[in-house]
Structure formats: structure tokens, C-alpha cells
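**Student:** After the C-alpha cells below, expect a handful of questions from me.
The values are calculated or read from the model by the stated rules, or taken from the named source; none is laboratory data. Please read these numbers as outputs of a predicted model, since none were measured by experiment. Please note: Cβ atoms are built from the backbone with ideal geometry, for glycine as well, and neighbour counts cover all protein chains shown. These area figures cover heavy atoms from the full protein model, side chains too; ligands, DNA and RNA do not enter into them. Shrake-Rupley method; radii C 1.70, N 1.55, O 1.52, S 1.80 Å.
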Amino acid sequence: MVVSPGLVDATYRGGVTGAEAAAALAHAVGRHRALRPRVELAVLAATTPWRLIVATFLGIGRAFAWLRFMRLAWTLRGVVGVICVVQSMVEGRAWAGLLGGAVIALTYLVPAAGRRIDLRTEAEADQFVLGLGLGPVLAGLLRRYGHPMTLERMQRLDTATDHPAEQPQRPRLHLVHG
């Protein structure tokens, strides 16, 4: 696990307690476990074509972002997809229209799937933190720093545990000589 210098500094200066730092690290560990990294290489290989397509379109989008009405065009891409499919069918080139429609449909489906995966991963990481008894501590940290949370997540993290984590009086810094 990589610890950010900001977390180390905040812990050292007393802005974040040791228990809060432990809760943040536990959440990161739980998130990593939820993603099941054993299949990362397979997922990377399977998604490489899509990543190349996205990178290409992002580059094209950045190049033309200065043009007026680009945001409107992106918003109306679904309509353009339907027109693409219908016009290609009428002209007898169904495969081209279906391919264009599929690419446009993926621009809706992939981000939605990504959000769904993020929500599932966050919930599993929260469960890991709760299992360690650090849920209320993490909830307090997230609230204090204004991290947006749904009411459901706030209630899930605030559930009482049998053995709440003890908060040390003062954070301690330990030096390790190498």
C-alpha cells in the first residue's frame, strides 16, 4: 500500500488521528481486495481495444473541444446513433450502422458499468473497515473533510460495532533506520 505524504503529514501534525489513518488505510486495503487483482492482466488484455478507442476519441475530442456546440453534439450522440443505424439500414449497409450504433451505445454503457463497479467496490471496502471496527472512525474522517457520502453509506459506516477502535491520545511518529 502506498501512503500519501499528505496523510503522513496530517497524522504527524495531529489533523488526523492514528485510528483515522488506520481506517483510511484499511479502506484502501479493502478496496484492493474487492477488486480481486489476480485477474488484472486478463482484464487489461481484454479491455485494451476499448481503451485504444477511448484514447483516440478523447484525443479527437480535445482537438475539437474549442468548437461551438461540441457539448451539445456529445449530449445528442444517442440521437446520432439512431440516425446512423436507420440510415445505414435504408442504404443496405446494416453492418456499418450497427457498428456505429454499438460504439455509441458503449459510450453510455461503459461509464455506467464503471460507476456500478466503483459503488460495489466501495461497499465491500466499507464492510472490511466495519469488520475491523473502524467504520465510525472512517465516517467521522470523511465527514470532517467534506467527502461526499450518501446517506446509506453514512449509516452503514456509523453502525455500532462490538469492539470499536481505540483512538490514541496523540499520534506517534516512529523513525525507522535503514
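**Student:** Which chymotrypsin sites (Phe, Trp or Tyr not before Pro) from the stretch 1-86 combine a DSSP loop assignment with at most 13 other Cβ atoms within 10 Å? Let's see the in-between values first.
**Tutor:** On the way: sites: 12, 50, 57, 64, 66, 69, 74; in loops: 66, 69.
Taking the stretch 1-86 and a limit of 13 other Cβ atoms within 10 Å, the loop chymotrypsin sites (Phe, Trp or Tyr not before Pro) found are 66, 69.
**Student:** OK, next. Hey, in the GNM for the chain with a 10 angstrom Cα cutoff, which one of 15, 92, 140 fluctuates hardest?
**Tutor:** Residue with maximal mean-square fluctuation among 15, 92, 140: 92.
**Student:** Sticking with this structure for a sec: Can you tell me the convex hull volume per residue for the stretch 10-83, based on C-alpha atoms, in Å³ to the nearest whole number? Could the numbers behind the result be given before it?
**Tutor:** Numbers: hull volume 15.8 nm³, N = 74.
Convex hull volume per residue, Cα atoms: 213 Å³.
**Student:** Also, I was wondering about something else. Label residue 116 and residue 89 with points 7 Å out from Cα along Cα→Cβ: what is the distance between them in nm?
**Tutor:** It works out to 2.5 nm between the two label points.
**Student:** Next question. Need one value: the accessible area of residue 110 in square angstrom, 1.4 angstrom probe, rounded to the nearest 10.
**Tutor:** 60 Å²
**Student:** How compact and how long is the stretch 84-165, expressed as Rg and Dmax of its alpha-carbon atoms in Å?
**Tutor:** Using the Cα atoms of the stretch 84-165, the pair Rg, Dmax is 22.0, 69 Å.
**Student:** Sticking with this structure for a sec: How large is Rg/Rh for the chain, to two decimals, with Cα atoms and a Kirkwood Rh?
**Tutor:** 1.14
**Student:** Could you provide, to the nearest whole Å², the per residue accessible area of the stretch 27-149 with probe 1.4 Å?
**Tutor:** Value for the stretch 27-149: 71 Å² per residue.
**Student:** How many percent of the accessible area of the stretch 1-69 is carbon or sulfur, using a 1.4 Å probe?
**Tutor:** 69 percent
**Student:** Continuing with this model, one more query. Pick from 71, 153, 33: which is most flexible by mean-square fluctuation in a GNM of the chain where alpha carbon atoms under 10 Å apart are linked?
**Tutor:** 71
**Student:** Something else: When all protein chains stay in place, what accessible area (Å², nearest 10, 1.4 Å probe) is found for residue 104?
**Tutor:** The value for residue 104 is about 40 Å².
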